[in-house]
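Inspection log for the structure reproduced underneath, given as structure tokens.
The values are calculated or read from the model by the stated rules, or taken from the named source; none is laboratory data. It should be emphasised that the depicted structure is a prediction, and the values quoted were computed from it without experimental measurement. Every residue, glycine as well, gets a Cβ built from its backbone with ideal geometry; the counts of neighbours run over all protein chains shown. All accessible areas refer to the heavy atoms of the entire protein, side chains included, with ligands and DNA or RNA removed. Shrake-Rupley method; radii C 1.70, N 1.55, O 1.52, S 1.80 Å.
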Amino acid sequence: MFFIFGLRTKVDRSGVVQQVCRNCGNHAAQVITRRSTKFTLFFIPLIPIRTRYAQQCTFCGAQYEISKSDVDRLPVG
């Protein structure tokens, strides 16, 4: 008997917000993404391990992590 297990990461786009970039200082669209990692057994995602949020500037391409509370405060549209 054998078990097939592992981790799977899924990236979802939460939305886009107009904001000043921390890196380049330009007012541009910022793409908000949610990256969730889950433990899988027989290719079925079972237990969430970690959830991270990121913000990426569409002007310069810089990407940095943001907290869940920051995501909740953003006017995502």
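A compact table of results
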{"item": "Area accessible to solvent at THR51, 1.4 Å probe radius, in Å²", "result": "70 Å²"}
{"item": "Per-residue HN-Hα couplings for the stretch 16-21 [Karplus 6.51, -1.76, 1.60; θ = phi - 60°; Hz; x = Gly/Pro]", "result": "10, 9, 8, 7, 7, 6"}
{"item": "Solvent exposure of the chain as accessible area per residue, Å², 1.4 Å probe", "result": "72 Å²"}
{"item": "Carbon/sulfur fraction of accessible area - the chain, other protein chains in place, 1.4 Å, %", "result": "55 percent"}
{"item": "Along the chain, longest interval not containing exposed chymotrypsin sites (Phe, Trp or Tyr not before Pro), exposed being DSSP loop plus at most 15 other Cβ atoms within 10 Å", "result": "4-41"}
{"item": "Table column - 3J(HN,Hα) (Hz), the stretch 27-36, Karplus curve with 6.51, -1.76, 1.60, x for Gly and Pro", "result": "7, 8, 5, 10, 8, 9, 10, 10, 10, 10"}
{"item": "Computed [θ] at 222 nm, deg cm²/dmol, the chain (DSSP H ≥ 4; -39,500 (n - 2.57); rounded to nearest 500)", "result": "-2000 deg cm²/dmol"}
{"item": "Candidates per trypsin sites (Lys or Arg not before Pro) in the stretch 21-53, loop by DSSP, up to 15 other Cβ within 10 Å", "result": "ARG22"}
{"item": "Long-range HN-HN contacts of ILE66 with modeled amide H, under 5 Å", "result": "TYR53, ALA54, GLN55"}
{"item": "Label point at PHE5 placed 7 Å out along Cα→Cβ; residues across the stretch 26-44 whose backbone nitrogen lies under 11 Å", "result": "39-42"}
{"item": "Taking the chain and dividing mean pair separation by its residue count, relative contact order in percent (alpha carbons under 8 Å, at least six apart)", "result": "29 percent"}
